[in-house]
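Enquirer: Here's a structure for you.
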Amino acid sequence: MHSIPILSTPCANAPDDPQAGKPCPGCTSHGSGKAKHAHGTSTCQSRGASPAPIQFDARLLGRYDVNGPRYTSYPTALQFRDDFGASDYARAAAQSKRTGKPISLYLHVPFCDTVCFYCACTKIVTNNRAHADAYVARLHTEIARQASLLGAGRTLAQMHWGGGTPTFLSLEQIASLIDAIDRQFVMVHDDSAEYSIEIDPRSAGPASIRALRALGFNRLSIGVQDFDPRVQEAIHRVQPRALVEATLEAARECGFKSVNFDLIYGLPHQTTASFSNTLDAVIEMAPERLSVFSYAHLPQQFKMQRCLPDSLPDGPQKLALLQTIIARLTDAGYVYIGMDHFARPDDELALAQAAGTLHRNFQGYSTRADCDLVGVGMSAIGRIGDSYAQNAKTLKAYYEAIDAGALAIARGVQLDEDDHVRRDVISRLMCHMSLDFGAVGQAHGIDFVSYFADELGELVDLADDGLVAVDAQGLRVLPAGRLLVRVVAQVFDRYRRSAANARCAKVM
Ligand code: SF4
């Protein structure tokens, strides 16, 4: 719901970033040497200091505005293979079961009762609530099957409900699913775990917010996009400021620990002046986190985008919007985390980045350790052990698989040793804007400089342009390179020249 990535495809089912919430959103292998991968070491460990501030350089942003993934996983979903199936998943799950480690769960609800014209998600637009009954029944079955494979009784360290619109389900349906999840896994009820849900303030009022809190959710993500009524009309998502304020107020009153607003720039009628007004309102409301996505207009791919008026900001206007966003939010005290994300300095995300414990997963940035992720529902992606797996992407295929007594795994990928090393490198870059060559080498049993000799050669141009600084010990993303960190990460992506990667949107 509401997540449009800088990549262009928001939400759960976009090419590279299916459930990134945000935004949905290869390459030719070069230099894939041998590595001794260390499981569980692919999380971000920084060299300590917080990343440098952002320097906005329109000339560089224009020059490096290439197609590229968002790296909520590596390899990205673009590299998932159809020959990865249920038996591969079962093998990975058995391995995970033996660890008994805490897990993370992503639950996908694909339905929306109205369509936003900018949307690039895989969703089902319907007013027929009977769909929810059929879907929830399959989710119950899938949750039980997943638990029997992964081992019931494992602690649920993190949970995210995304879509579509999770609040398309009734509160009773949501409660029944929470009950099932709590019976199969162990939910932590002292708020030390992170349980989040994307909500649509048009369908989830204050009473729903209080009920969700009582069910154990402690984080909310609200799709706001823009408060300008003219923009809201144009995108077919009319939700006045008062509605969002009432939702936020209810969330604060009943103890939600963190609220995220999604905003989108690049929509019809937006100007720096009009979006400044939206930012005034946002800053006044002071959500703990903000995701600010760049709208990518791909009407050939997403036909509802053809309903938008022609008055879209052009490239330079979008850059001006981005510059305004960064200046206004950082002036207001928000910390730029990376990619599209900002957080208040006392929010866990900003604290984790400063402490070097930030992680990256399908929901974007996270404070939780990189535990195995179970994906439940149509098109959901999981990450279990050394593999990623995605469920069937149509309701029909998902129902048929579940009704046949199986899981609905449709595709996935098994990581090899080189993938492990590169996943770690890319994750460190995305989270901490730096690499310590010695630390990566030690974690994977490689000599970083010889393993990545080709890549280090390719970084020379980026260093000459002031995006990165490289010395014998490591690499730092410089202020002018922070908005282009995906370009730096891409250098280490062995699949980046694959045909599939051409489907990614531009990094800016
Ligand atoms: S149509 Fe649904 S999934 Fe798409 S942005 Fe709107 S609420 Fe989110």
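Enquirer: State whether one or more residues within region 129-143 are in a loop (DSSP other than H, G, I, E, B), within 16 Å of the ligand (Cβ to nearest atom) and farther than 21 Å from GLN363 by Cβ.
Expert: Taking region 129-143 as the starting set, the residues that turn out to be in a loop (DSSP other than H, G, I, E, B) are 129.
When the remaining residues are screened for being within 16 Å of the ligand (Cβ to nearest atom), the result is 129.
If we keep only those that are farther than 21 Å from GLN363 by Cβ too, we end up with 129.
Yes, that holds for at least one residue.
Enquirer: Restricting attention to region 85-121, report how many residues are within 16 Å of the ligand (Cβ to nearest atom) and in a loop (DSSP other than H, G, I, E, B).
Expert: Looking only at region 85-121, we keep the residues that are within 16 Å of the ligand (Cβ to nearest atom), and these are 106-121.
Checking the rest, the ones that are also in a loop (DSSP other than H, G, I, E, B) come to 110, 113-121.
So the answer is 10.
Enquirer: Related question: Output yes when any residue across region 390-402 is basic (Lys, Arg) and under 23 Å from ALA352 (Cα atoms), and no when none is.
Expert: If we filter region 390-402 for residues that are basic (Lys, Arg), which is where we start, we get 393, 396.
Still in the running and under 23 Å from ALA352 (Cα atoms): none.
No: zero hits.
Enquirer: Could you check, for region 189-199, whether at least one of its residues is within 16 Å of the ligand (Cβ to nearest atom) and within 30 Å of GLN95 (Cβ to Cβ)?
Expert: First, pick out the residues of region 189-199 that are within 16 Å of the ligand (Cβ to nearest atom): 196-199.
With the extra rule that they be within 30 Å of GLN95 (Cβ to Cβ), the set shrinks to 196-197.
Yes: one or more hits.
Enquirer: Within region 301-322, how many residues are outside any helix (DSSP H, G or I) and not hydroxyl-bearing (Ser, Thr, Tyr)? Write out each step before concluding.
Expert: Here is the first cut: in region 301-322, the ones outside any helix (DSSP H, G or I) are 301-302, 308-314.
Then drop every residue that is not not hydroxyl-bearing (Ser, Thr, Tyr), which leaves 301-302, 308-310, 312-314.
Counting residues in region 301-322 that are outside any helix (DSSP H, G or I) and not hydroxyl-bearing (Ser, Thr, Tyr) gives 8.
Enquirer: Determine whether SER203 is under 16 Å from PHE342 (Cβ atoms) and not in a helix (DSSP H, G or I).
Expert: On the way: under 16 Å from PHE342 (Cβ atoms): no; not in a helix (DSSP H, G or I): yes.
Considered against the rule, which asks whether it is under 16 Å from PHE342 (Cβ atoms) and not in a helix (DSSP H, G or I), SER203 comes out as no.
Enquirer: Now, a different point. Tally the residues that are hydroxyl-bearing (Ser, Thr, Tyr), crowded, with 17+ Cβ neighbours inside 10 Å and either in contact with a helix residue (DSSP H, G or I) (Cβ under 6 Å, 6 or more places away or on another chain) or more than 13 Å from PHE256 (Cα to Cα) (or both), restricting the search to region 165-207.
Expert: 2
Enquirer: Residues of region 108-122 being within 20 Å of TYR398 (Cβ to Cβ) and modelled with pLDDT of 95 or more, which ones?
Expert: HIS108, VAL109, PRO110, PHE111, CYS112
Enquirer: Same structure again: Which pairs turn up if I take residues in region 218-234 that are within 14 Å of GLN270 (Cα to Cα) and look for partners that are basic (Lys, Arg) with beta carbon separation below 8 Å, at least 6 apart in sequence or on another chain?
Expert: Close Cβ pairs (under 8 Å, with a partner that is basic (Lys, Arg)) amount to GLN225/ARG237; PHE227/ARG241.
Enquirer: Consider only pairs whose beta carbons are under 7 Å apart and that are at least six residues apart or on different chains; among these, list those whose first residue lies in region 178-197 and is under 17 Å from GLY375 (Cβ atoms) and whose second residue is at pLDDT 95 or above and of a type in the set (Phe, Trp, Tyr).
Expert: TYR195/PHE217; SER196/PHE217; ILE197/TRP161; ILE197/PHE217
Enquirer: Just checking, how many residues over region 213-233 are within 26 Å of the chain's Cα centre (by Cα) and within 15 Å of the ligand (Cβ to nearest atom)?
Expert: Start the filter on region 213-233 by keeping residues that are within 26 Å of the chain's Cα centre (by Cα), which leaves 213-228, 231-232.
Now narrow it down to the ones that are within 15 Å of the ligand (Cβ to nearest atom): 220-226, 231-232.
Count: 9.
Enquirer: Moving on. Tell me which of these THR247 doesn't satisfy, since it passes every other one: (1) buried (at least 21 other Cβ atoms within 10 Å of the Cβ); (2) polar (S, T, N, Q); (3) more than 22 Å from ASP113 (Cα to Cα).
Expert: (3) is the only condition that THR247 fails.
Enquirer: Would it be correct to say that ALA343 is over 21 Å from GLY68 (Cβ atoms), buried (at least 21 other Cβ atoms within 10 Å of the Cβ), touching a Leu at 6+ places or on another chain (Cβ under 9 Å) and not polar (S, T, N, Q)?
Expert: Values: over 21 Å from GLY68 (Cβ atoms): yes; buried (at least 21 other Cβ atoms within 10 Å of the Cβ): yes; touching a Leu at 6+ places or on another chain (Cβ under 9 Å): yes; not polar (S, T, N, Q): yes.
Considered against the rule, which asks whether it is over 21 Å from GLY68 (Cβ atoms), buried (at least 21 other Cβ atoms within 10 Å of the Cβ), touching a Leu at 6+ places or on another chain (Cβ under 9 Å) and not polar (S, T, N, Q), ALA343 comes out as yes.
Enquirer: Turning to a different aspect of this structure: What number of residues in region 355-414 are within 22 Å of ALA157 (Cα to Cα) and of a type in the set (Asp, Glu)?
Expert: Number satisfying all stated conditions: 3.
Enquirer: Looking at GLN146, GLN158, can you tell me which residue is crowded, with 19+ Cβ neighbours inside 10 Å, assigned to a helix (DSSP H, G or I) and more than 16 Å from the ligand (Cβ to nearest atom)? Give the derivation first.
Expert: Numbers: GLN158 fails: assigned to a helix (DSSP H, G or I).
Result of the check over GLN146, GLN158: GLN146.
Enquirer: Right, next: Any idea which residue in region 397-446 is surrounded by the most Cβ atoms within 10 Å (Cβ to Cβ), counting only those that are touching a helix residue (DSSP H, G or I) at 6+ places or on another chain (Cβ under 8 Å) and among the hydroxyl-bearing types (Ser, Thr, Tyr)?
Expert: Across region 397-446, the extreme among qualifying residues is TYR398.
Enquirer: A further question follows. Provide a single number: the residues in region 264-300 that are part of a strand (DSSP E or B) and closer than 19 Å to ALA350 by Cα.
Expert: Applying the first criterion (part of a strand (DSSP E or B)) to region 264-300 yields 264-265, 289-294.
If we keep only those that are closer than 19 Å to ALA350 by Cα too, we end up with 289-293.
Residues in region 264-300 being part of a strand (DSSP E or B) and closer than 19 Å to ALA350 by Cα: 5 in total.
Enquirer: Inspect all residues belonging to region 274-287 and state whether any of them is within 14 Å of the ligand (Cβ to nearest atom) and under 25 Å from ARG70 (Cβ atoms). Please lay out each step first, then the result.
Expert: Filtering region 274-287 down to residues within 14 Å of the ligand (Cβ to nearest atom) leaves none.
No, there is no match, as no residue in region 274-287 is within 14 Å of the ligand (Cβ to nearest atom) and under 25 Å from ARG70 (Cβ atoms).
The values are calculated or read from the model by the stated rules, or taken from the named source; none is laboratory data. The structure presented is a predicted model; accordingly, all values stated were derived computationally and were not measured. So basically every Cβ, Gly included, is an ideal-geometry build from the backbone, and we count neighbours across all protein chains shown.
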